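Notes follow once the structure below has been shown.
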Amino acid sequence: MIVQTRFVWLYVFLLAAASSSFDQPARIQAQLTAPGNFRVPKGFQAELIYTVPSEQGSWVNLTTDPQGRLITSDQYGKLYRLTITKDTVDSPKVEPINVKIGRAQGLLCAFDSLYVVAHAGDGMPAGLFRLRDTDSDDQYDSVEMLREFKGGGEHGPHAVILSPDKKSLYICAGNNTAIPNPQRSQVPRIWREDQLLPRLSDANGHNVGVKAPGGWVCKTDPDGETFELISMGYRNEYDIAFDPNGELFTYDADMEWDFGLPWYRPTRVCHVVPGSEYGWRNGSGKWPDYYPDSLPSVIDIGPGSPTGIAFGTGAKFPAKYQHALFISDWSYGVIHAVDMEPKGSTYIATSEPFCAAPALPVTDLVVNPVDGAIYFLIGGRRSQSAVYRISYLGSESTAPAQFRALTDLAKTRRALEANTHDLKKAWKNLNHSDRFIRFVARTNVELAPLSTWGQNVLDAELTDPQVILESTMAFARAGGELGDEIQNGIIDKLQQLQWPELNLGQRHHLLRNLGLTMMRMGTPTDKTIQTVKNLAKYFPVPPETEGSESLNRELSRLLIAAKHPAATSVTLELLQQAEAQHQQVHFALVLSVAKTGWTNEMREKYFQFFLDAANLHGGNSFSGYLKHIRSRSIETMPAEDKAQLADLLATQPTGKDPYADLKARPFVKKWAMKDLAFDREVDFSTRDLANGKKMFGVAQCYKCHRIQGQGGIAGPDLTPAGYRFSTHDLLETIIDPNKSISDQYQATIFQMEDGRTITGRVVNLNGDQYWVQPDMIKPNELVRLTVQEIEDMKPATVSVMPVGLLDNLTSEEILDLLAYLKSTAPTPADELGE
């Protein structure tokens, strides 16, 4: 149950007080002291502790010292210390830390020092610094740089935290920071881009040229002398946190400009196991999470801007929240509480909004061990900053709760992580049923010299399909170009595998291994090419087959790369049949490099897609990517084909109403719940799931919602909806989306001084500006508002989800749609355990 808590609104920035308008300061003060609409769970209280004056900057990082005082940093300036007591809760003592270092996005008090991960400025480079009080006057007076970092900005170096054994430091950084020359690495130093087909860089030029490893996590000693790379492949993880069992987690960023594209990856919580790779690559090259040389997330959250995270350990909260991982979303103004449950050797999770309000740019949070409360900051990008506290005043017990024990499978994984040189144990676990254990085992194999295990892959009588897959992947990744005979030896092993006998995870694995062989082991041999072409008999994978969408994506990629003569026509058919735009864009991208198998009629159909695609919508780079795909397609065409299609190629796309396809269907009825009171005993197993999936596209659901990893991300993921909600509740959320509005997706109503009313979700802040998204269907069309223009703002009571989406569907089609939604719920035999 979510209740409203009286709170101070900070929707108007203090810098607006500098306005020349005579009555501006009075109006700002009124908004600062008016009650707001923060939402926290029942029994919790949120308080404003300190409003940061503009001369102290915009605070983005937070830690506690041994006395329970808060230490924080301006994004572009000094460090500060806050002393809060019962007597000073409304007026804490705030003092600058007068040292020549600041601009911190990582702070930690440990080893009688204050560690600062700072960005470059004031003549100081970016790096890890240690501050000390050398004369015991309770003031830091010594600054020592322990390690310089190459990189900066908001994708630069970030958090520093203490290891569970309190002997080491862990540091994370975003993808604009080079790994700091680590002396050791638990990640095999064999990472590459691994793009089977040429990728496209970001259409707006973001991070062009930035390559793997992307964002990283390193471990170091208290003196910063020895660095060890722990994990890689993130986009921009701002913070990291250990649970009481010593398991490490992070909250990684999405690339919001990729909305609507097949390579978009939502913000997500990742389990940072040693040696892990999470597959970030630039532009269209991001790896899907089913690639077995990377790992999947614990939970996908959705669009947002991840900032500070912390476990509830030490909080005087009910047990549920002591165990939760609290993660901050700067863009959408939400602190989520993530509840993890063991699954195999890793975890799955659910999340709920813990503290939410419109335009709440949360930058960091900590649990203060002195009073057991959560303290959090808002600010960043020169926006107004403040410090808040969340306490529990309810009746439930807040006694320290026993944290869940590690599972036996987690202990098996941890044993492998602790014994990276035990090649025998690693080999034994290559066929383990748990994906994370297999990953760690293969990583340990790759860490060993190839001479100690490579010949065994080629010569041993391997019969277990999983051992064949893991060992040949390790060889392809670690072996490199060793000649045609060696490449053919790997292909011989893979030819032992029979497609019909493989499960979904093994099919993904086989396709990835063939791709890695083509990319890493030199020019593909005739045997390699023919082995790939032999898979054409399974292409396309029928839609009723588990994983058909992902398998068709990978088969199209492989067969086009191998120049199979029929691959172009089959891929074009898939493009035309695809119901969701991310599927269409994938097949269009693959076809853009296809040089064989074309006819003029096929090219006409292909280029007609780009005219129709003008009606598709996505993030800021969406239209640019489509233009680049089309341009690359034209570049690969023979001159005579270009001449024959000159008129079509010269035609410019024009957009239309995004709901045009839905509106083109005949109106059936203005459906209400009373009209669709389906019997509780309706047998959904007899419904037409293929038609239900089609209706999911017809009703425009794909534009905003993901299901089984496919679709948009403006709305919640509907994959678990079939088992989480009853048929009645599921139907009601579609017919009457205004009845219950999630905090995460609630819009804000802006009343402007000129009389306008603007409703939308706040997706970004910068100084005194709000960037508002009025239409979820058009996520790249934003409205910019300045503080000085805003008269008032309040949470909207109307959902951003349109009503009437089912009015052009028959009752039978609605039944099929509901059956499809119910059919997508995860099963115990999901891929994680394969």
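Quick notes on this one:
- Residue match in region 57-64 (condition: open to solvent by 30 Å² or more (accessible area, probe 1.4 Å) and either part of a strand (DSSP E or B) or not basic (Lys, Arg) (or both)): no
- Cβ pairs under 6 Å, 6+ apart, first in region 551-567 and farther than 21 Å from Gly285 by Cα and touching a residue at least 24 places away in the same chain (Cβ under 8 Å), second charged (D, E, K, R) and open to solvent by 10 Å² or more (accessible area, probe 1.4 Å): His564/Lys533
- All strands (runs of 3 or more DSSP E) inside region 69-159 with 3 or more residues being within 25 Å of Gly372 (Cα to Cα): 70-74, 79-83, 93-97, 104-110, 113-118
- Residue in region 274-287 that is touching a helix residue (DSSP H, G or I) at 6+ places or on another chain (Cβ under 8 Å), of a type in the set (Phe, Trp, Tyr) and farther than 14 Å from His336 by Cβ present: no
- All of (1) open to solvent by 40 Å² or more (accessible area, probe 1.4 Å); (2) part of a loop (DSSP other than H, G, I, E, B) hold for Lys219 with one exception: (2).
- Residue check, Leu504 closer than 17 Å to Asp293 by Cα, touching a residue at least 60 places away in the same chain (Cβ under 8 Å) and either touching an Asp or Glu at 6+ places or on another chain (Cβ under 9 Å) or of a type in the set (Ser, Thr, Tyr) (or both): yes
- Check on Leu494, out of contact with any Lys or Arg (no Cβ under 9 Å at 6 or more places or on another chain), open to solvent by less than 10 Å² (accessible area, probe 1.4 Å) and among the hydrophobic types (A, V, I, L, M, F, W, C): yes
- Meets criteria (open to solvent by 20 Å² or more (accessible area, probe 1.4 Å), touching a Leu at 6+ places or on another chain (Cβ under 8 Å) and free of Cβ contacts under 8 Å to residues at least 12 places away in the same chain) for Thr545: yes
- Set Tyr392, Tyr291, Tyr375: member being modelled with pLDDT of 95 or more and under 19 Å from Arg235 (Cα atoms): Tyr291
- Residue in region 259-270 that is part of a strand (DSSP E or B) and touching a Phe, Trp or Tyr at 6+ places or on another chain (Cβ under 6 Å) present: yes
- Residues satisfying the stated conditions in region 297-330, i.e. assigned to a loop (DSSP other than H, G, I, E, B), within 24 Å of His705 (Cβ to Cβ) and open to solvent by less than 20 Å² (accessible area, probe 1.4 Å): Val298, Pro303, Gly304, Trp330
- Any hit, region 187-200, residues being at pLDDT 95 or above, touching a strand residue (DSSP E or B) at 6+ places or on another chain (Cβ under 6 Å) and crowded, with 17+ Cβ neighbours inside 10 Å: yes
- Consider region 583-612 and keep the residues that are more than 34 Å from the chain's Cα centre (by Cα) and open to solvent by less than 60 Å² (accessible area, probe 1.4 Å). The one that is farthest from Trp263 (Cα to Cα) is Asn600.
- Annotation: of all residues in region 379-409 being under 25 Å from Pro318 (Cα atoms) and hydrophobic (A, V, I, L, M, F, W, C), the one that is surrounded by the fewest Cβ atoms within 10 Å (Cβ to Cβ) is Leu393.
The values are calculated or read from the model by the stated rules, or taken from the named source; none is laboratory data. A quick note: this is a predicted structure, and the numbers were derived from the prediction, not measured. Positions of Cβ are backbone-derived with ideal geometry, glycine not excepted, and every protein chain shown enters the neighbour counts. Heavy atoms of the whole protein, side chains included, go into the accessibility calculation; ligands, DNA and RNA do not. Shrake-Rupley method; radii C 1.70, N 1.55, O 1.52, S 1.80 Å.
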